[in-house]
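In what follows, a structure is listed as structure tokens, so that the remarks can point back to it.
The values are calculated or read from the model by the stated rules, or taken from the named source; none is laboratory data. Predicted model, so just to flag it, every value in this text is computed and none were measured. Cβ sites come from the backbone with ideal geometry, for glycine too, and all protein chains shown count toward neighbours. Accessible surface areas use protein heavy atoms only, side chains included; no ligands, DNA or RNA. Shrake-Rupley method; radii C 1.70, N 1.55, O 1.52, S 1.80 Å.
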Amino acid sequence: MYSYPQYIDGQDRPGTSWTYCLDAGAFLADPRGAFGRKRRLERGDGTAAGDTAGITGRVALSGPDDVADALRAAHAARREWARTDLDTRMELGPRLHAALRARHDELLDILVSEGHPRRLAEWEIAGMLMGSSPETVSFYRSQLEQRFDSPGRSLALLRKPDGVVCLNPPQNAAASNSFLGTATLGAGNTLVVKAPRTAPLGVAFIYRELVAPILDELGAPPGTVNLVSGATRPMLRQWLNSPHVDDIMFFGDSDTGLEFGGECVAHGKKPVLELSGNDSLVVWNDADLDGAVDALTECFYGSGQICMVPKCAVVHPDVADALLEKLTARCRTLRPGYPDDPEVLLSPVLKIGGFHEVLADAEQHGCTVLCGGRRVDVAGEPSLAGTFLEPTVVRVNGLRDARRVRAVREETFFPLLPVVVPDERDDTRELLDTVIDFVNDNAYGLRNSLWSGDEKVINAFVRQITNAGLLKVNDSHIGFVPYLGTHGGTGRTGGPYGELNYPILRTSHLQGVSVVTDGSRPAPM
């Protein structure tokens, strides 16, 4: 069983108590018994000390004094770490990449134990590897320092660290999202990471087993990285009020995140927001339908409880029937199961209550449920107490009124995919322009996708799609590629300053430097 105390100022440190981490498979097999063991262990029941069946690890919880010490340690370390040679700091990337590869299977097992279906966990680790790949690190390095020759002067554009960065990852994908914090270290920032109480083990493993030892090898001062865990609201409030905090990386729903971003600014902190996503995927009439169905099926990774999966499709009316036949046939093959099953995509739905409200709203607006819609148990059998939902596809006729439908207008965290099919009621302009406007009018903006072989259509999307941080064409919607960031977006996804998110850039600021080198005394011009 893994056991991680707090990590503050370069030292392991006891917490106020422990949170015990249940194996998701054991919980699905025996929810009452597994949760009972967890609660007894957390209460310190002596009779439960040896009863750790189904428990994969424990992580120490932090009190306010612990958090304050972590912030002070990060603040004290910031100058020395920022003065560290850039090439030394950037060495963190390739060393982390190698460490991830070496311990890939161990981290994979931890993520699966936290309830991530194996295929989803493999995808998450692939994102971490891409974020620390040689191509990506080389791009980061090129952006942090650029030098120019000019007669009599040495000129440079340098990115300088903001200082102390605090990171609050989400519980649905805590480990992979917490990994974004490693890039802020490359910019010269120091870091305080909060492991969420509900899923702390993967975060603790990454920072205690991988990041901290590498920082020690690089000669980083104690306090460069600090690991705490606890309740979210009081810790965020402590970060806001601390004079030692410069930036806060926040993951969460849009309503909460946008309000919190305003509070950050009011308290003199830079917010870096990763909020809800409601991604659009467009299928044109010349698309590779099998490839498009593969991409659309990514909606159901983790039962749709991932912000960057496709959440709404727009399908050209010429191919809508054919695509929907292929898509619904594929959906009927998807099944729930235990997370260690390599064929399983679906996971238990955390907030299952709102699903039927959203589905009923779609039906009230004249939409057709083509497949799914039922609550099921781990074996896929209908059950009023089931923790899974069937993959559900809803046909929405017409673009003009589509956003009156909640499933189209809002981010949903269910295995639910609305497919919008334009019809004769839509704008009489060229359909391509109408679809582009529909995509751009999305209040969210994380990722968009297009499936088409028509160069005119592709070029129009590339030139005219302005929302979202990433546009994928004839590609996996959720797949990772070199150089391009994995997160970030516009609108309700990233806030007023949202864009493709490179944390190494978002937590640093640009400084120009001019040094006279020829001994002259230039006059102001």
Task: Cα-centred dipole magnitude for the stretch 35-131, charges only on beta-carbon of K, R (+1) and D, E (-1), debye, nearest 20 - done: 160 debye
TODO: Please report the relative contact order for the chain, taking Cα pairs under 8 Å with a sequence separation of at least 6, and give it as a percent rounded to a whole number.
DONE: 17 percent
Open item on the list: What's the magnitude of the charge dipole for the chain around its Cα centre, counting Lys and Arg as +1 and Asp and Glu as -1 at the beta-carbon? Answer in Debye, nearest 20.
Closed with: 1460 debye
- [ ] Using +1 at the Cβ of each Lys and Arg and -1 at the Cβ of each Asp and Glu in the stretch 247-324, identify which of 308, 248, 319 lies farthest towards the dipole's positive end.
- [x] 248
TODO: Quick one: net charge around residue 103, please, counting Lys, Arg +1 and Asp, Glu -1 for every other residue with C-beta under 13 Å from its C-beta.
DONE: -1
Open item on the list: Counting heavy atoms of the protein chains only and a 1.4 Å probe, report the per residue accessible area for the stretch 159-264 as a whole number of Å².
Closed with: 27 Å²
Task: Whether the stretch 188-320 is rounded, prolate or oblate, judged on the alpha carbon gyration tensor where a/c under 1.5 counts as rounded - done: prolate
TODO: Could I have the simple spin-label model distance between residue 441 and residue 52, label points 7 Å from Cα toward Cβ, reported in nm to one decimal?
DONE: 5.7 nm
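For 130, 1, give me the order by solvent-accessible area with a 1.4 Å probe, most accessible first, ignoring ligands, DNA and RNA.
1, 130
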TODO: Would you please put 78-87, 302-311, 366-375, 265-274 in order of how densely packed they are, using the mean number of other Cβ atoms within 10 angstrom per residue and starting with the highest?
DONE: 302-311, 265-274, 366-375, 78-87
TODO: Sticking with the crude label model, points 7 Å out along Cα→Cβ, report the distance from residue 106 to residue 237 in nm, one decimal please.
DONE: 3.8 nm
Open item on the list: Run the numbers for residue 45 and residue 88: contour at 0.36 nm per residue of separation, minus the present Cα-Cα distance, in nm.
Closed with: 10.7 nm
Task: Distance (nanometres) between label positions extended 7 Å along Cα→Cβ at residue 466 and residue 135 - done: 3.0 nm
TODO: Averaged over every viewing direction, what's the projected area of the C-alpha convex hull for the stretch 262-356? Give it in nm², one decimal, please.
DONE: 9.3 nm²
Open item on the list: On a 1.4 Å probe surface of the protein chains, which of 65, 423 comes out largest in accessible area, and what is the full order?
Closed with: 65, 423
Task: Violating pairs (Cα-Cα greater than 29 angstrom) within the set 269/311; 194/472; 326/472; 194/351; 160/472 - done: 269/311; 194/472; 160/472
Task: Rounded to the nearest 10 Å², the accessible area of residue 290 at probe 1.4 Å - done: 90 Å²
Open item on the list: Can you give me the accessible area per residue for the stretch 352-424, using a 1.4 Å probe, in Å²?
Closed with: 43 Å²
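Once the other residues with Cβ under 13 Å from the Cβ of residue 272 are scored (Lys, Arg +1; Asp, Glu -1), what is the net sum? Mind showing how you got there, number by number?
Values: positive: 269, 270, 506; negative: 162, 246, 247, 274, 499.
Result for the neighbourhood of residue 272: -2.
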TODO: Tally up the carbon and sulfur contribution to the accessible surface of the stretch 394-525 as a whole percent, 1.4 Å probe, everything protein left in place.
DONE: 52 percent
- [ ] Could you work out how far the C-alpha centroid of the stretch 15-82 sits from that of the stretch 283-312, in angstrom?
- [x] 36 Å
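So if I place +1 on the C-beta of Lys and Arg and -1 on the C-beta of Asp and Glu, and nothing else carries charge, what would the dipole magnitude of the stretch 385-436 be about its Cα centre? I want it in debye, nearest 20.
On the way: 8 positive and 10 negative charges, 42 e Å.
Charge dipole of the stretch 385-436: 200 debye, to the nearest 20.
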Task: 506, 332, reordered so the largest accessible area comes first (probe 1.4 Å) - done: 332, 506
